[in-house]
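To keep things clear, I will list the structure first and then write my remarks on it.
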Amino acid sequence: MPRPKDARADFSKTTKDKIRAKCNDRCAICLQKPPNQGRQCAHLFDASRTGAKQVEVAIYMGMISPGYQRSSPENGMVQCPTCHLAFFDSEHIALSPTPQVLKYIVEYLRATDAAERKPLYEVFRLLNDALEGIDVDLPDMASILPFLDLYTLVVLLPDKLNGSEIPAHHLPDLFILDGSQFVPAPADTLPNARGVARIFDVSVISDELPKAYYTIPLSPKHAEFTQQRYWRVPAKPEVILMMLMERIRGVTEPGCEEIKFARVIYCTLHLQKIGEYEVNPPNSKKRMSEDDNNERPHKVSRSGGLPLTKGRSGLRIRIPAPKTVTSCGPGPPKALRLKI
Ligand SMILES: [Zn+2]
């Protein structure tokens, strides 16, 4: 029986070779180099038929450009069996853009008039141009550029990973934020010092690097859980963000900082697709005054939330007033304000 079109998007041998080359033939998460058959080329958008729907939705939301191919090298990264099967495929953890980048996207969606708003894949392309020193037409982004090509590991199911860790054989160096870039930290730097992070970068690791047994902690049971870790992986941030948004749809816990930002972005993009910014029953007495009915589109709400627009359906979608949420992922707990 013939397979339905686009049922699977497996990688060809040539594509697998390209994925292994861009990952330096190592797991992009734990940096291990298992024997050849153990180095698995993991899909970002799923290889199964589900992946075709994920891509369709991502294009609809403006997250990726039309024409994205799940069987192309940009949709893959090398992972060892432990990282791939035990943690990522089982949807216990996921990669995420850093909270700094996610907050910038939230602010961009909140503050940019609908007529001028670019699809997010275009925003990320311009941010990458800015990283290379090109002038771009975006709100001030200088402070997030050092974080643009870095990612965090997000624990999706903290209850199931209580006490868990990922074994690793190479201890990445510490880096410290120095103005517009991360630079190697001085030898006496403490790993939990402010602005310091351990960066797992599969593209620069050398085969001569001595082995040092190490674990990547996945729960607060480990004393080192709060140390900041970043991953530099060969993948586009918009794809990583879309996959995070896919994975957290089934997460019912409040989640960490990255999950909260991703939820805001997901909901905002969907609301904006239907031209809605405030929801109230059309005939509710509390809905609005007559003046509200005549309110000009894109007026900023008194609460400082998103610009208000009366929806085409007659519904008015109300984006909640600013809330304070607390980080529960790796890194020191911090409070942030979501002005949506
Ligand atoms: Zn691994």
Quiz prompt | Percent of C-alpha pairs per 5 Å bin, segment 69-176, short to long | solution = 2, 9, 16, 17, 16, 15, 13, 8, 3, 1
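Taking segment 115-187 on its own, what percent of its Cα-Cα pair distances exceed 15 Å?
70 percent
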Self-check item: Residue-level accessible surface for residue 270, protein heavy atoms, 1.4 Å, Å²
Solution: 60 Å²
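Order 252, 112, most accessible first, counting only protein heavy atoms with a 1.4 angstrom probe.
So, going from the largest accessible area down, we get 252, 112.
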Quiz item: Does segment 13-268 come out rounded, prolate or oblate by the C-alpha gyration tensor, with a ≥ b ≥ c the root eigenvalues, rounded set by a/c under 1.5 and, if not, prolate when a/b is larger than b/c and oblate if not?
Solution: rounded
Practice problem: Could you rank 49, 229 by how accessible they are, 1.4 Å probe, largest area first? | Solution: 49, 229
Quiz item: Given the protein chains as shown and a 1.4 Å probe, how many square angstrom of residue 113 are accessible, to the nearest 10?
Solution: 50 Å²
Practice problem: Find the relative contact order for segment 13-268 and round it to a whole percent, using C-alpha pairs within less than 8 Å whose residues are 6+ positions apart. | Solution: 26 percent
Exercise. At 1.4 Å probe size, with no ligands or nucleic acids counted, give the accessible surface of residue 56 in Å², nearest ten.
Key: 110 Å²
Quiz item: Can you give the extra length, in nm with one decimal, that the chain gains between residue 194 and residue 222 once fully stretched, where that is 0.36 nm per residue apart less the Cα-Cα distance?
Solution: 8.2 nm
Quiz prompt | Rg and Dmax [Cα atoms of segment 143-183; Å; Rg one decimal, Dmax integer] | solution = 14.4, 38
Exercise. Quick one: check the C-alpha center-to-center distance for segment 22-43 versus segment 90-169, whole angstrom.
Key: 24 Å
Self-check item: Ranked order, 174, 190, 157 - accessible area, probe 1.4 Å, largest first
Solution: 190, 157, 174
Practice problem: Take the eigenvalues of the Cα gyration tensor for segment 227-275, scale each by 5, and report the square roots as semi-axes in whole Å, largest first. | Solution: 21, 15, 9
Quiz item: residue 72 to residue 187: FRET efficiency via 1/(1 + (r/R0)^6), r the Cβ-Cβ distance, R0 51 Å, to the nearest 0.05?
Solution: 0.75
Practice problem: Beyond 25 Å between alpha-carbons counts as too far, so tell me which of 53/103; 160/273; 236/273; 103/211; 103/273 fall in that bin. | Solution: 53/103; 160/273; 103/211
Quiz item: Ignoring ligands, DNA and RNA, what accessible area per residue does segment 77-147 give at 1.4 Å, in Å²?
Solution: 42 Å²
Self-check item: Cα Rg, Dmax, segment 28-118, angstrom units
Solution: 16.3, 52
Practice problem: Compute the length gained on full extension between residue 14 and residue 212: take 0.36 nm times their separation in residues and subtract their Cα-Cα distance, giving the result in nm to one decimal. | Solution: 68.0 nm
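The values are calculated or read from the model by the stated rules, or taken from the named source; none is laboratory data. Note that the structure is predicted; figures quoted are calculated from it, not measured. Every residue, glycine as well, gets a Cβ built from its backbone with ideal geometry; the counts of neighbours run over all protein chains shown. Side chains included, ligands, DNA and RNA excluded: accessible areas come from the protein's heavy atoms. Shrake-Rupley method; radii C 1.70, N 1.55, O 1.52, S 1.80 Å.
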